[in-house]
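Novice: Before anything else, here's the structure in question.
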Amino acid sequence: MSNQLHATRNADKLLVRNYDRSDIQAGVMHLGVGAFHRAHQAVYFDRLLETPEGKNWGIIGVNLRPHDSQAFSRFVAQKGEYVLKTMDPEGHTEYEHIRAIIGQIDGAQTPELVDETMASENIKLITSTVTEGGYYLDENRQLMLDHEAIEADIAGGRNTIYAFLYAGLKRRSQTSKAKITLLCCDNLRHNGEVMEAGLMQFLAAKGDAELAAWVEENVTFPCSMVDRITPKPSPVHVQDVQETFGIDDQMTVMGEDYLQWVIQDHFATDKPALDLVNAQFVDDVVAYEEAKIRILNAGHTNVVYQAALKGMQFFDEAMRDEELRDYFDRFITEDSIPAIGESIVDLPAYHKIIARRFSNANIGDTVERICTDGYAKFPIFVYPSLVGCYKIGRTPAKTLQGIAAWFVYVQKSRAGTVATPYHEPNLEALEPFTNDPQGIAAFVSDSFLWGEIPTEYPTFKDDLTAAINAMQSQYA
């Protein structure tokens, strides 16, 4: 068993799965090797590699962004190995030595190596986690052709996932010509369809009809639902691993104990036997996706800005706050579940599971992390409950309250009167939303955020304006 990291003490507390890395062949390329991938998909594959069916499913991890190259170099120095620390709400802690990422490529520095590897017939699956905003699609699922990153990539640059897929699949279509599956693992509704739409529009913009035809014939884009709360890596956990095991692991990642992966069974060629390690293959992921996005993700998003306005640092504090816990429960029961309607998922039971997970004080999930990137999150996570309630004749009062909290938080962030920093990649898009009647009118009418709701449901703008006024009064 070949290991880069060796426990010099308490080795019995560190789970190391029984396989030899030298016997493993790469079958997966992952684009975007962040903390979530390392705490989620890589864990499933690490478990799979221990089985006879897993030997051809090692991962090649690829960094895409130049500003992540320095951190990625530490990952390369550790040969892709690291410790995953998980904690449940009761405080039980487990440690796993994850070794599934057997190869590492910094695509920002050596893009040609990404192309060469993607073209190999041994690679049968490409997975990706590039965040919700990394697909550059508007509210109508149209590629943002005027975005500077997309413009640069159409001209031959390497800024987005599309440029890497274009170059790698182009080479594959000309060399091995082997079919391949692209599996999006980002928190997007219908994420496989989103990736396919973005890539095909990018190919059209490149004017490469030949590659587009090859992709249509040889590439599939299954949807998936991924779930594990993974806080931003903290030096506290790096230190804990060092002190507990005597391991100098600079890439320690931490997460909750809960883990779920539901995958549409729509593969172009061989698929990894992930069902052996508790992933689920299903014909349609929509029911699971909707439950997760509308209860977990929307719950996070609607509660977190109110937690920030209350000066909270960690999300579990919100679940111990009587007002916010009542708000969360009522948002789920009064807005989210009615908007979903009938489901094969036991939604009340799922609500209880999410409440328990949100209450986990041991993972230290920060309000600052969850506040990040609100502009991309609301159309994906909150919009479905909003429009769903209006469609069935309900006023989504709790959803409107969560949106209003975001608006007020943004204003206070601009004014420097809120403690929680706001990290917003789309800050320019928020500029019209000023703290005056004109700014509020622009906010409640914005088509990217709210789609057709302002025109199809005339009370919406007044409803949201009233919610904003109430929130402003509460946090004046």
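Novice: Where residues in the stretch 97-122 are under 22 Å from the mean Cα position of the chain (by Cα) and closer than 21 Å to D46 by Cα, which of them is surrounded by the fewest Cβ atoms within 10 Å (Cβ to Cβ)?
Specialist: Q104
Novice: Which of the helices (runs of 4 or more DSSP H) found entirely inside the stretch 244-335 contain at least 2 residues meeting this: within 19 Å of the chain's Cα centre (by Cα), among the acidic types (D, E) and crowded, with 20+ Cβ neighbours inside 10 Å?
Specialist: In the stretch 244-335, 286-291 are the helices (runs of 4 or more DSSP H) which contain 2 or more residues that are within 19 Å of the chain's Cα centre (by Cα), among the acidic types (D, E) and crowded, with 20+ Cβ neighbours inside 10 Å.
Novice: Only one residue in A339, A318, A307, A361 is in contact with a Pro (Cβ under 7 Å, 6 or more places away or on another chain) and small (G, A, S), so which one is that?
Specialist: Working: A318 fails: in contact with a Pro (Cβ under 7 Å, 6 or more places away or on another chain); A307 fails: in contact with a Pro (Cβ under 7 Å, 6 or more places away or on another chain); A361 fails: in contact with a Pro (Cβ under 7 Å, 6 or more places away or on another chain).
The conditions single out A339.
Novice: Still on this structure, I have one more. For the stretch 352-363, indicate whether the set of residues that are outside the structural domain of N191 (by TED's automatic domain parsing) and within 24 Å of L430 (Cα to Cα) is non-empty.
Specialist: no
Novice: Take the residues of the stretch 123-160 that are within 18 Å of T220 (Cβ to Cβ) and out of contact with any Leu (no Cβ under 8 Å at 6 or more places or on another chain): which is surrounded by the most Cβ atoms within 10 Å (Cβ to Cβ)?
Specialist: Within the stretch 123-160, the match that is surrounded by the most Cβ atoms within 10 Å (Cβ to Cβ) is K124.
Novice: Quick check on my filter: what residues within the stretch 10-46 are farther than 18 Å from Q104 by Cα and either in contact with an Asp or Glu (Cβ under 9 Å, 6 or more places away or on another chain) or without any contact (Cβ under 8 Å) to a residue 24 or more places away in the chain (or both)?
Specialist: Residues satisfying the conditions are D12, K13, L14, L15, V16, R17, N18, Y19.
Novice: Quick check on this structure: which one of D346, D373 is more than 21 Å from A467 (Cα to Cα), touching a His at 6+ places or on another chain (Cβ under 8 Å) and in the same structural domain as D463 (by TED's automatic domain parsing)?
Specialist: Of D346, D373, the one residue that is more than 21 Å from A467 (Cα to Cα), touching a His at 6+ places or on another chain (Cβ under 8 Å) and in the same structural domain as D463 (by TED's automatic domain parsing) is D373.
Novice: Another question about this same structure. If we keep just the residues of the stretch 166-191 that are under 19 Å from the mean Cα position of the chain (by Cα) and over 16 Å from T269 (Cβ atoms), which is surrounded by the fewest Cβ atoms within 10 Å (Cβ to Cβ)?
Specialist: Ranking the qualifying residues of the stretch 166-191, first place goes to H190.
Novice: Considering only residues that are among the aromatic types (F, W, Y) and in a helix (DSSP H, G or I), look in the stretch 365-424 and name the one that is nearest to N297 (Cα to Cα).
Specialist: Per the criteria, the residue is F381.
Novice: Quick check: anything in the stretch 381-390 farther than 21 Å from A291 by Cβ and at pLDDT 95 or above?
Specialist: Taking the stretch 381-390 as the starting set, the residues that turn out to be farther than 21 Å from A291 by Cβ are none.
Within the stretch 381-390, not a single residue is farther than 21 Å from A291 by Cβ and at pLDDT 95 or above.
Novice: Of the residues that make up the stretch 2-22, is at least one surrounded by 15 or more Cβ atoms within 10 Å (Cβ to Cβ), under 22 Å from the mean Cα position of the chain (by Cα), among the aliphatic types (A, V, I, L, M) and not in a strand (DSSP E or B)?
Specialist: Scanning the stretch 2-22, I find no residue that is surrounded by 15 or more Cβ atoms within 10 Å (Cβ to Cβ), under 22 Å from the mean Cα position of the chain (by Cα), among the aliphatic types (A, V, I, L, M) and not in a strand (DSSP E or B), so the answer is no.
The values are calculated or read from the model by the stated rules, or taken from the named source; none is laboratory data. Keep in mind that what you see is a predicted model, and the values were worked out from it rather than measured. Methodologically, a virtual Cβ is constructed for each residue, glycine included, from the backbone with ideal geometry; neighbour enumeration extends over all protein chains shown.
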